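Here is the structure we will look at, set down as structure tokens.
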Amino acid sequence: MYDVSVIMYVKDSQKYLEESLNSIIHQSLESMEIIFLYEKSCDASLNVLKAFSKKYPNMQIKEVDTFSTKEILESIKMADGEYLLFVDSFNIIKEDILRKFHNKIKEDQSDVLLFGLNDSVEDKVIKRIFQLVGNNAFAPSKIREYLLDTQQTLYNKIFRKSYLVKELDLYDMFVQTPDNISILSLLNSQKISLMDESLYETDNPSKIVVDDRSFAEYVDSQNIFLNLLNKGEYSDYRINGINRKFSDIIDLYGEVPVRYKKASYDTLRNYCLNYLKQKENNLELFTDTNRKSFEQIIISESVEEYELLKKVNEEKKSVNFMRRYEKIISVEHKKIKNFNDNLRNSRSWKLTGIFRLRNKL
């Protein structure tokens, strides 16, 4: 058995792939294997994988149709590591980081180790949690207000394989989307470890395109999770969960290319209309920003109208910000004028007037 099984999804990654693989191979943690989930690519990614796997016997390639729940489950079954780490194929892993992560989760005997991916805004949540718990392992209830603010992805966690396999057996296949697996593994764990250190040196953009089909699948997965939050065991996370999931849907819609926008808008609007019809839709729990987005989607009847409403709202925000800016500037100008007036009326100013006059001459 290996200490860690590294599972890497690869698609159109040739530009960064070799460097990414070298950063894993040269880790000081020696007892590990790498499982590649390769999806048909437009570049020579497969050739790179084949070259590496010939050289290193601890690598194996599994060709897949997509990075789906089914493929994730099969890769977990293939894995022979005590712990599992999912990594992307377009970023460089920090030197010696895998040994640190492995030692931490093993020492704490935790189910999951949570860490940052890079120095992004969301990873600042990790720092806030670290201020709360320090180096101590903790139960999920300890960070209830922050837990759903962490990045809901498989890529920012190391899992104890025996725990994750047992966890996956508890839920229906429809629940087991990658994002839901990620968050449920935290919610249901007995003990979580934390490292206030990010995995990657780089923050290279993925080439993966969000099309209308993948957007629809994502919306479905988020809706499934929201339904889970209505269960008693997760009710404490309902407010944060509702707002986080809805804002994630809106954010992903923003990444959809123009050619897929209309179909994705239809998915988004149908989702909101159905949500509105629910007996307990919890709209009163929405943040102001989410409520505004929800209203814009419901009011609009086409993707063009929705985009226009968003633009008008942004322009309104811009006008409000400019008014606020002008008000601040006006107040500051007034302060400066008052200061100068007081200075010129002061006794010291009058007494030193002769010297200023001499300097002018």
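Coordinate-derived values only; no laboratory data. These numbers come from a predicted model, not from an experiment. Neighbour counts run over all protein chains shown; Cβ positions are idealised from the backbone, glycine included.
Values as computed for the structure displayed
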{"quantity": "Distance between segment 226-274 and segment 14-89 - C-alpha centres, whole angstrom", "calculated": "31 Å"}
{"quantity": "On Cα atoms only, tilt of 124-133 relative to the major axis of the chain in degrees", "calculated": "80 degrees"}
{"quantity": "Mean ellipticity per residue at 222 nm, deg cm²/dmol - from DSSP H runs of n ≥ 4 across the chain, formula -39500 (n - 2.57)", "calculated": "-17500 deg cm²/dmol"}
{"quantity": "Degrees separating the helix 238-255 axis from the principal Cα axis of the chain, which is the longest one", "calculated": "90 degrees"}
{"quantity": "Out-of-range pairs (alpha-carbon distance over 29 Å; input Lys94/Lys124; Lys54/Lys124; Lys124/Lys245)", "calculated": "Lys54/Lys124"}
{"quantity": "Per-pair calculated FRET efficiency, R0 = 41 Å: Lys279 and Glu63 via Cβ, rounded to 0.05", "calculated": "0.35"}
{"quantity": "Inter-probe distance in nm under a simple model that places probes 7 Å from Cα toward Cβ, at Arg291 and Asn135", "calculated": "4.6 nm"}
{"quantity": "Cα-based reach from Lys262 at 12 Å (exclusive), listing aspartates and glutamates while leaving out same-chain residues under 8 positions away", "calculated": "Asp211, Asp212, Glu301, Glu304, Glu305, Glu307"}
{"quantity": "Rg/Rh ratio calculated on Cα atoms of the chain (Kirkwood radius)", "calculated": "1.13"}
{"quantity": "Whether segment 11-161 is rounded, prolate or oblate, judged on the alpha carbon gyration tensor where a/c under 1.5 counts as rounded", "calculated": "prolate"}
{"quantity": "Nearby aspartates and glutamates by direct alpha-carbon distance to Lys106 (threshold 12 angstrom, same-chain neighbours under 8 apart not counted)", "calculated": "Asp3, Glu82"}
{"quantity": "Two-site FRET efficiency, Ile25 against Lys124, from Cβ-Cβ distance with R₀ of 25 Å, rounded to 0.05", "calculated": "0.25"}
{"quantity": "Candidates Val87, Val219, Val209: whichever shows maximal mean-square fluctuation once the chain is modelled as a Gaussian network with Cα springs under 10 Å", "calculated": "Val209"}
{"quantity": "Angle in degrees between helix 303-344 and the longest Cα principal axis of the chain, rounded to the nearest 10", "calculated": "40 degrees"}
{"quantity": "Partner aspartates and glutamates for Lys55 [C-alpha distance under 15 Å; skip if fewer than 8 residues away on the same chain]", "calculated": "Glu18, Glu33"}
{"quantity": "Highest-fluctuation residue, Ala139, Ala51, Ala263 considered, GNM on the chain with Cα pairs under 10 Å", "calculated": "Ala51"}
{"quantity": "Burial ranking of peptide ranges 267-275, 280-288 (average Cβ count within 10 Å, highest at the top)", "calculated": "267-275, 280-288"}
